[in-house]
Amino acid sequence: MYLKHLSLSGFKSFAKKSELEFSAPITAIVGPNGSGKSNVAESFRFVLGEQSLKSMRGKKGEDLIFGGSEAVSRGNRASVTLELDNSTKVFGVDFDNIVIERQVHRDGQNEYLINGSKVRLKDVQEMLAAANIGATGHHIISQGEADRILSANAKERREMIEDALGLKVYQYKKADAEKKLQKTKENIETVQSLRREVAPHMQFLERQIKKIERAVQLRGELTIVYCEYLRREDTYLAWHQDRLNKERLEPADKLKDLEDKLQEAKETLATHVKDVKSEELLSLEQSLKAVREKRQVLVRNSGQIEGQISYIDRRIKDIETRSNSESEAPIPVGEVKKFISNLEKIAEKGGQSEEVSLLKRTLSDIVHNANIFLKQILGNISINTDAEEKEKKDLIAKQAEALKDIAKCENEERKLSEEYELLRVSIEAEASESREAEREMFKIIGEQRECETKIMQIDSELSILERERDEFKRELQEAVTLLSRDVTQYYNFEIVVDGNKVSNAEIVKEERSVQYQRRRDLEKLKIRLEELGGVNKDIEKEYKDVKERDEFLLREIADLEASVEKLNDLIKELTEQLNGLFVAGIEKIGLEFNRFFTLMFGGGEAKLLRIKPKIKKTVRDDDSEEGEEMVVEEEDESAEEGIELDVKLPNKKVRGLDMLSGGERALTSIALIFAMSQVNPPLFIILDETDAALDEANSRRYGDMIEALAKKSQLILITHNRETMSRAGILYGVTMAADGVSKLLSVKFDDAVAVAKR
Ligand code: ATP
């Protein structure tokens with residue numbers, strides 16, 4: 001016997017502590033109407049965790065607490081304690097004795113205790129479920145409830161039978177699994193909606209990260225391009241600057257030399273001052289000219305003198321000749337013409353000269369010739385030549401003098417000429433020297449120009465390189481700012497073209513335009529990098545967090561989906577088990593039902609039928625010409641089977657529950673309840689006036705069945721039926737005095753009959 005003891009305190013009409021011992025297989029509780037018997041049955045429901053207040057005839061928690069009467073004040077709480085035997089460990093816990101207590105307070109708060117320890121309702125339910133005791137209590141048949149199994153629909157009936165078969169635990173498990181499944185699906189939806197919520201942001205971050213990745217990649221490319229560019233540029237500039245500086249040395253040195261040479265040339269030129277000498281030359285020239293003129297005059301004089309001497313000589317000769325010839329000889333015309341022709345010749349000759357002395361001499365000759373001619377004409381010719389001899393002597397003296405002067409002049413002229421020549425030669429020599437210096441100077445200046453042009457050219461190239469060097473420095477600075485200090489190691493960068501290392505010699509020889517193109521490419525890369533923006537650590541961190549969270553959510557979904565799968569499997573398995581056990585249980589109950597039924601009614605037939613619920617469907621009526629629609633009922637194949645009863649009373653043709661009288665219905669329901677209890681006997685059964693409608697004969701049959709039932713389950717029977725009382729081992733009487741408080745007392749059978757009838 002599992003039920004040991006029940007204690008009520010403040011529960012409904014049991015204001016005071018009331019206790020019941022259940023030491024016999026059948027305990028009957030008897031008493032007059034309204035004394036509180038059903039309250040005892042409800043106290044069982046209460047302590048076993050019933051949540052439906054309706055099934056305990058209450059609306060709220062405080063309806064279960066003693067509400068007070070005129071004589072006794074109301075209580076603050078109701079408490080029911082049930083002691084169960086667990087020596088067979090039917091409840092799945094270690095204790096031999098289990099004391100379950102439930103209290104309810106006026107505020108509606110409930111407390112559950114197992115062996116004095118506070119527990120949750122769930123703990124109580126789980127423990128009881130292990131022993132097939134459910135709070136819905138198929139084993140507690142309240143007053144008037146026996147009929148419920150007949151009036152219930154197929155689905156409700158199935159639930160009651162499942163409960164009786166102990167399948168509730170599977171149902172619980174299944175419901176639990178379904179609840180979990182539902183919850184899991186909701187969780188999946190929640191997690192998916194979380195993912196959906198975060199998805200646009202994650203896509204945004206993904207795009208940002210891709211940009212960052214591209215930027216990182218681009219930075220890598222840029223670093224390489226930069227290193228190559230910088231190395232080439234530095235090498236090129238250094239080499240060419242060096243080269244130009246060296247090339248500049250030669251013209252610079254030369255220019256310096258030329259500077260000195262030019263100075264020298266200028267100095268040389270400066271020393272060749274010609275003025276003094278030129279003046280000297282000029283004066284010499286004038287002196288020479290004067291001497292020459294003087295000599296010419298002297299020569300002319302001498303010539304005149306000589307002419308005069310010749311004339312005198314001829315005169316002397318004439319005189320001498322005439323003295324020897326006829327003095328009056330005729331003058332031939334030819335002589336006269338000859339004479340005149342002579343004069344003309346002399347005049348013509350003299351007229352050609354502008355010199356006065358010559359003119360004078362011409363005139364003198366003319367006069368002289370005329371005299372001679374006259375003398376010839378007149379014949380008055382003197383033969384005396386003394387005067388002429390004297391004149392000749394004077395003239396010879398004069399000529400000697402003149403010749404002396406001429407000789408002096410010639411001497412002086414020669415000296416002056418020599419001096420002049422020397423000076424001229426000297427001046428000419430100096431002029432040539434100066435021209436040489438000049439030529440030299442112009443040559444130097446020319447060379448200077450050349451050198452300067454060359455230097456200018458080199459300087460211009462150098463200044464270009466200088467500018468490019470500045471540009472290079474700026475570029476290097478920019479590269480460091482943009483990338484990192486790593487680029488400063490560009491000189492270690494190995495340039496490889498077509499698999500071959502590029503040497504410095506090749507670098508410096510390269511066309512400049514190629515490097516300029518490289519620079520343009522570099523700029524393009526920088527712009528692209530700028531467009532991509534910088535590396536944002538916050539974005540990376542955020543993306544990492546969001547991604548991790550998304551992955552976590554994905555794992556969650558995967559876990560949840562795995563759970564869904566497992567739960568579906570579990571539900572399927574439970575459903576199969578349930579169905580299997582249900583079908584098997586129904587068969588057994590069906591047999592028992594038929595046995596009890598025929599026993600009760602002394603014949604007839606009772607069956608349990610498994611049926612699918614019907615659903616209404618609208619279909620086309622094929623017989624109708626207009627194609628009308630009609631409503632038909634079909635079995636819902638997907639739905640769970642329900643249970644219908646098919647009963648046939650002995651000696652009656654009618655079948656079905658609707659045809660039964662009240663007593664017949666009571667017997668039928670009792671037969672079914674007993675059949676259910678036989679198949680899976682509960683630890684105890686409480687039947688509250690199930691026997692109320694039975695006549696004497698049926699009461700006996702009922703009593704027999706109770707005794708049979710008591711072999712498998714402990715029975716607590718609330719009854720007014722004498723027959724039933726007679727089968728009980730223990731009898732409790734419940735009374736209620738004017739104070740409205742129920743009291744319990746153990747009574748003897750006869751007393752019980754008396755109490756029940758009171
Ligand atoms: P019957 O034989 O007619 O079925 P019964 O013996 O089963 O009667 P119950 O229905 O158990 O009687 O008891 C009903 C009595 O309990 C009523 O008198 C009712 O006033 C009383 N009662 C119910 N709830 C409370 C409560 N909270 N406080 C006080 N009395 C209560």
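The values are calculated or read from the model by the stated rules, or taken from the named source; none is laboratory data. Since the model is a prediction, treat every value here as computed from it, not as a measurement. Every residue, glycine as well, gets a Cβ built from its backbone with ideal geometry; the counts of neighbours run over all protein chains shown. Just so you know, the surface numbers come from the protein's heavy atoms only, side chains and all, with ligands and any DNA or RNA stripped out. Shrake-Rupley method; radii C 1.70, N 1.55, O 1.52, S 1.80 Å.
When only the Cβ of Lys, Arg, Asp and Glu is charged (+1, +1, -1, -1), the dipole of the chain relative to its Cα centre reaches about 3220 debye. Pairs of Cα atoms nearer than 8 Å and 6+ residues apart set the relative contact order; for the chain it is 26 percent. Heavy-atom accessible surface of the chain, averaged per residue, reaches 58 Å², computed with a 1.4 Å probe.
Relative to the longest principal axis of the Cα atoms of the chain, the long axis of helix 662-679 lies at roughly 60 degrees.
Compactness of region 653-696 was expressed as the Cα radius of gyration divided by 2.2 N^0.38 Å, which yields 1.33. Its relative contact order, with pairs defined as Cα atoms under 8 Å and 6+ residues apart, puts region 625-711 at 22 percent.
Give me the angle, in degrees from 0 to 90, between the Cα long axis of helix 537-601 and the longest principal axis of the Cα atoms of the chain, rounded to the nearest 10. Rounded to the nearest ten degrees, it is 20. Pull out a ≥ b ≥ c, the square roots of the eigenvalues of the alpha-carbon gyration tensor of region 537-597, then state rounded if a/c is under 1.5, prolate if not and a/b is larger than b/c, and oblate in the remaining case. Prolate, because a/c is 1.5 or more and a/b exceeds b/c. Please state the relative contact order of region 1-132 as a whole percent: Cα pairs under 8 Å, 6+ residues apart? Reported as a whole number, the value is 25 percent. Computed on the chain, the Cα convex hull volume stands at 494 Å³ per residue.
List residues of region 222-247, by number, whose backbone nitrogen lies under 14 Å from a label position 7 Å along Cα→C-beta of V508. Under 14 Å, as judged by backbone N against the label point of V508, lie 232-247 of region 222-247. If one takes the longest principal axis of the Cα atoms in the chain, at what angle in degrees, from 0 to 90 and to the nearest 10, does the Cα axis of helix 333-352 lie? Between the helix axis and the principal axis of the chain, the angle is about 30 degrees. Whole Å is fine, so just give me how far the alpha carbon centre of region 22-70 lies from that of region 557-607. Spelled out, the Cα-based centre of one part sits 31 Å from the other.
Summary of the geometry: region 467-502 and region 619-663, compared by the centres of their Cα atoms, lie 96 Å apart. Checking the a/c ratio against 1.5 first, then a/b against b/c, what shape does the Cα gyration tensor give for region 501-572? Prolate is the answer for region 501-572, as a/c is 1.5 or above and a/b outweighs b/c. Remark on region 426-518: hydrodynamic radius 18.3 angstrom, per the Kirkwood mean of 1/r across alpha carbon pairs.
Cβ-Cβ distance of L581 and K59, R₀ of 45 Å, FRET efficiency by 1/(1 + (r/R0)^6): the value works out to about 0.75. By accessible area, using a 1.4 Å probe on protein heavy atoms only, the chain has 50% of its surface on carbon and sulfur. Take the residue pairs K155/K614; K179/K616; K183/K572 and return only those whose Cα atoms are more than 19 Å apart. Listed pairs above 19 Å: K179/K616.
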